[in-house]
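The values are calculated or read from the model by the stated rules, or taken from the named source; none is laboratory data. Just so we're clear, the structure is a prediction, and the values are computed from it rather than from any experiment. Using ideal geometry, Cβ is built from the backbone for each residue, glycine included, and neighbour counts are taken over all protein chains shown. The protein model used for the area step is the full one, side chains on, heavy atoms only, and it has no ligands, DNA or RNA in it. Shrake-Rupley method; radii C 1.70, N 1.55, O 1.52, S 1.80 Å.
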Amino acid sequence: MNAKARAWIIGMALAAASGAAHAWPDKPVTMVVPFPPGGATDSVARAVANKLQERLKQSFVVENKAGATGTIGAAQVARAAPDGYTLMVTSLAPLVVAEHLMKDLPYAPAKDFTYLTVAVQAPNVLVVSPSLAPKVGNVQDVLSLLRSRPGAVSFATSGAGSSDHLTAELFWQKTGTKGLHVPYKGGAPAIADLLGNQVDMSFQNVNAVLPHIKAGKLKAIAVTGNTRSQVLPDVPTFAEAAVPGLVVYSWQAVVAPKGLPADLRNQISAALTDAIKDPAVSKPFTDVGLEVVANSSDEFTRFQRQESARWKEVIETGNISIQ
């Protein structure tokens with residue numbers, strides 16, 4: 001085959017690949033959520049899917065594939081074809097936490113996904129039960145209580161290895177204190193028992209407990225953001241309360257299987273960030289305390305590595321296990 005023929009074949013292949021990317025999506029896209037319906041990740045997925053469907057005139061179907069801290073759904077996506085028709089909307093657990101807690105994880109988070117964008121993030125907020133609220137007014141009161149009752153003050157979490165659990169562990173490490181970890185199967189039952197005075201405290205996503213704080217049912221002590229939350233402007237950050245380094249955000253993000261062609265990756269990432277930034281999508285998020293991120297694929301890839309290294313250190317220092 002001469003050089004001219006080879007050049008023609010290569011040119012036709014590139015044109016075909018480019019055309020395939022521009023045609024996306026020409027069939028329904030599945031957006032896997034590795035958690036049950038009704039949670040924050042599911043809500044983000046459905047809002048973004050509806051906007052993509054409206055803009056791109058193609059079906060975006062949310063499929064809940066829950067189990068094993070999100071790793072069952074994540075493994076399914078890791079095995080899928082990298083053609084743009086299987087995406088995953090997930091929180092941080094399957095991407096930066098699970099590999100440090102679970103043996104024989106059926107995928108490698110840094111290698112088996114194409115990172116598209118972090119959609120939204122939210123700081124956590126330390127809240128105390130109604131019965132404890134009159135006695136605990138600020139972070140120093142919390143520390144005094146923990147030091148007077150080491151290992152006995154209960155902290156509810158949505159499960160071992162969850163964002164709220166790891167935030168509590170980081171808080172104890174930063175302050176030289178220790179509480180009693182009480183894991184639940186999800187945030188809703190943890191919050192219910194906190195409201196019922198069955199447990200003392202909890203680090204929860206701002207959006208998950210905002211209505212209870214606004215109603216005066218839970219007392220907010222401090223937030224884990226770099227700055228105060230726009231929906232809780234009177235609640236200080238931990239840095240303001242003399243606990244530096246306790247900056248934690250939960251987040252929801254979108255990934256695809258590894259091997260997604262670069263042009264298709266860029267096209268899908270752009271479609272996602274445009275949908276997330278649309279006021280019809282973003283305003284309901286910001287109204288409940290979520291912050292829009294909508295970063296680039298490269299930025300998300302770097303962020304995943306940083307988050308994974310950070311939580312690995314916390315988990316190893318705290319000798320944390322999911323057992």
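Results, tabulated for the structure shown:
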item: Calculated FRET efficiency for the pair Thr301/Ser321, C-beta based, R₀ 30 Å, to 0.05; result: 0.60
item: Label-to-label distance, nm, for residues given as Ser148 and Asp234 (7 Å Cα→Cβ offset); result: 2.5 nm
item: Share, in percent, of DSSP beta bridges within the chain that are antiparallel, nearest 5; result: 65 percent
item: Among Val182, Leu210, Ala152 - extreme Cα towards positive end, dipole of the stretch 145-242, charges at beta-carbon; result: Ala152
item: Gaussian network model of the chain, springs between alpha carbon atoms under 10 Å - residue of Ala122, Ala192, Ala66 with greatest fluctuation; result: Ala192
item: Helix-derived mean residue ellipticity, 222 nm - over the chain, DSSP H n ≥ 4, -39500 (n - 2.57), to 500; result: -13500 deg cm²/dmol
item: Loop-resident sites, the stretch 179-227, for trypsin sites (Lys or Arg not before Pro), counting at most 12 other Cβ within 10 Å (DSSP); result: Lys185
item: 37 °C / 0.692 mPa s Stokes-Einstein diffusion coefficient of the stretch 31-138, Kirkwood radius on C-alpha pairs, µm²/s; result: 209 µm²/s
item: Ranked order, Ser296, Ser163 - accessible area, probe 1.4 Å, largest first; result: Ser296, Ser163
item: Sites Lys135 and Leu195, calculated FRET efficiency, Cβ-Cβ separation with R0 25 Å, nearest 0.05; result: 0.90
item: Global form of the stretch 70-123, assessed from the alpha-carbon gyration tensor, a/c cut-off 1.5; result: oblate
item: Percent of Cα pairs exceeding the 20 Å cut-off, where the set is the stretch 98-234; result: 48 percent
item: Where Phe171, Phe35 fall by accessible area, highest first, once all protein chains stay in place (1.4 Å); result: Phe35, Phe171
item: The chain - accessible surface per residue (Å², probe 1.4 Å); result: 44 Å²
item: Hits among aspartates and glutamates - C-alpha to C-alpha of Lys135 under 12 Å, sequence gap 8 or more where chains match; result: Asp200
item: Spatially proximal lysines relative to Lys277 (Cα-Cα < 23 Å; intrachain offsets below 8 disregarded); result: Lys51, Lys57
item: FRET efficiency estimate (nearest 0.05) - Cβ-Cβ, Ala262 to Lys217, R0 56 angstrom; result: 0.70
item: Partners for Lys174 among aspartates and glutamates (Cα-Cα distance below 14 Å; same-chain residues under 8 apart left out); result: Glu313
item: At 0.692 mPa s and 37 °C, Stokes diffusion of the stretch 41-102 via Kirkwood alpha-carbon radius, µm² per second; result: 258 µm²/s
